[in-house]
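Take a look at the structure below.
Throughout, read-outs are computed from the coordinates displayed, never taken from laboratory work. For clarity, every value in this text was computed on a predicted model and none was experimentally measured.
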Amino acid sequence: NIDPIKKNTQLPDFLPKWAKQVIKLLKKNGEMKHQDILLNLKGLPDSYNHISKIFRTSKAKNYFKENITNNNSYYSLKR
């Protein structure tokens, strides 16, 4: 089990590069608006126009569901 809140926790290898960047942003900033997350990811391909497309594999989707919460387009890490 990985605690996504701890700063020294290594993120799972199965997460795509951009998913890891999203988690790092949420660790740093706490709750963030969906659009702000996308704007902060420098070099993000245009095809990733929604956070759900970043967590695209089945393992990554499960990680997203278990560790990230969505509150009216504001995302944060679950405690």
**Message:** Please list, in order along the range 46-53, the HN-Hα scalar couplings obtained from phi with the Karplus expression 6.51 cos²θ - 1.76 cosθ + 1.60 (θ = phi - 60°), rounded to whole Hz, x for Gly and Pro.
**Reply:** 4, 5, 8, 8, 8, 4, 5, 6
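Given the Cα-Cα distance of residue 73 and residue 61 and 0.36 nm per residue of separation, how much length would full extension add, in nm? Don't skip to the answer; put the middle values down first.
Values: separation 12, 0.36 × 12 = 4.32 nm, distance 1.71 nm.
Between residue 73 and residue 61, full extension yields an extra 2.6 nm.
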**Prompt:** Once fully extended, how much extra length lies between residue 50 and residue 25, figured as 0.36 nm per residue of separation less the alpha-carbon to alpha-carbon distance?
**Reply:** 7.5 nm
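What's the long-distance tail for the chain, i.e. % of Cα pairs beyond 16 Å?
Details: 1363 of 3081 pairs.
In whole percent, the share of Cα-Cα pairs in the chain beyond 16 Å is 44.
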**Item:** Rg/Rh for the range 27-70, where both radii come from Cα atoms and Rh is the Kirkwood radius
**Value:** 0.95
